[in-house]
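The values are calculated or read from the model by the stated rules, or taken from the named source; none is laboratory data. Predicted, not measured: the structure shown is a model, and the values here were computed from it. Don't worry about glycine lacking a Cβ; one is built from the backbone with ideal geometry, like all the others, and counts go over all protein chains shown. Just the protein is used for accessible areas: all its heavy atoms, side chains included, with ligands, DNA and RNA removed. Shrake-Rupley method; radii C 1.70, N 1.55, O 1.52, S 1.80 Å.
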Amino acid sequence: MPTRARERLLDAARQLFYAEGVRAVGVDRLLTVSGVGRASFYRHFASKDDLVAAVLISESEDYLAWLRSVVEAGDGDPLAVFDGLATRFTATDFRGCAALNAMVEIVEVSDPAYALAAGHKRAVIAYLDGVLDAAGHPDHAALAEQFMQLIDGANVTSMRERTTEAAQRAKSMAALLLNTGTGGAITTRLPVSSSHGRW
């Protein structure tokens, strides 16, 4: 009878990494939660890093499938993305964006896991670009980047506020971008400071 060890490890890792963080969860904890033995773990994954990579790939595939379903349910309206986010924000286990969380934890841009998380963001932007193009927006490429920034900002803000209002505000800003056709770059001069606050 198959043990489904790989699937059990992936399920446990997705749950634990998202809830507690990639760095905080060790192999022993993964083995305990998944019920998989150490030897079996290393038959499927050469290291924890390999498991992290598999989790990020799986999370990205699921997110993109969810995103497509949200836009399709909204008849191709790009703003439907934000309605979908509002629904995600109501989940009791919502902990923000898995890709952003991974990049914040890993930090080193040369790390393969960081590259996978960043690649996920590029894949989302590419999908949004297609949606915006299909909806007839000439500045679809620039708008896709702006939508991504609004999505990321809404994810982070929702973690602070613990409400759906961040998604609603992001939708209003996105609608303004679409209605005014301001998909192009906006140059803003910022004051130069020798100090760089971290907060």
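Residues are listed down the side, and each one gets a yes or a no for (1) outside any loop (DSSP other than H, G, I, E, B); (2) at pLDDT 95 or above:
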{"residue": "Leu64", "(1), (2)": "yes, yes"}
{"residue": "Ser69", "(1), (2)": "yes, yes"}
{"residue": "Glu72", "(1), (2)": "yes, yes"}
{"residue": "Pro78", "(1), (2)": "no, yes"}
{"residue": "Thr92", "(1), (2)": "no, no"}
Self-check item: Every residue from segment 5-27 that is open to solvent by less than 50 Å² (accessible area, probe 1.4 Å) and either farther than 15 Å from Glu59 by Cα or part of a helix (DSSP H, G or I) (or both)
Solution: Ala5, Leu9, Leu10, Ala12, Ala13, Leu16, Phe17, Val25, Gly26, Val27
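Quick one: which of Ser47, Ser69 is closer than 30 Å to Asp133 by Cα and surrounded by fewer than 16 Cβ atoms within 10 Å (Cβ to Cβ)? Don't jump to the end; show me each part of the working.
Numbers: Ser47 fails: closer than 30 Å to Asp133 by Cα.
The conditions single out Ser69.
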Quiz item: Can you pull out the residues in segment 37-55 that are farther than 20 Å from Leu116 by Cβ and either in a loop (DSSP other than H, G, I, E, B) or small (Gly, Ala, Ser) (or both)?
Solution: Gly37, Ala39, Ser40
Exercise. Pull up segment 33-44, narrow it to residues that are under 13 Å from Ala12 (Cβ atoms) and of a type in the set (A, V, I, L, M), then point me to the one that is surrounded by the most Cβ atoms within 10 Å (Cβ to Cβ).
Key: Val36
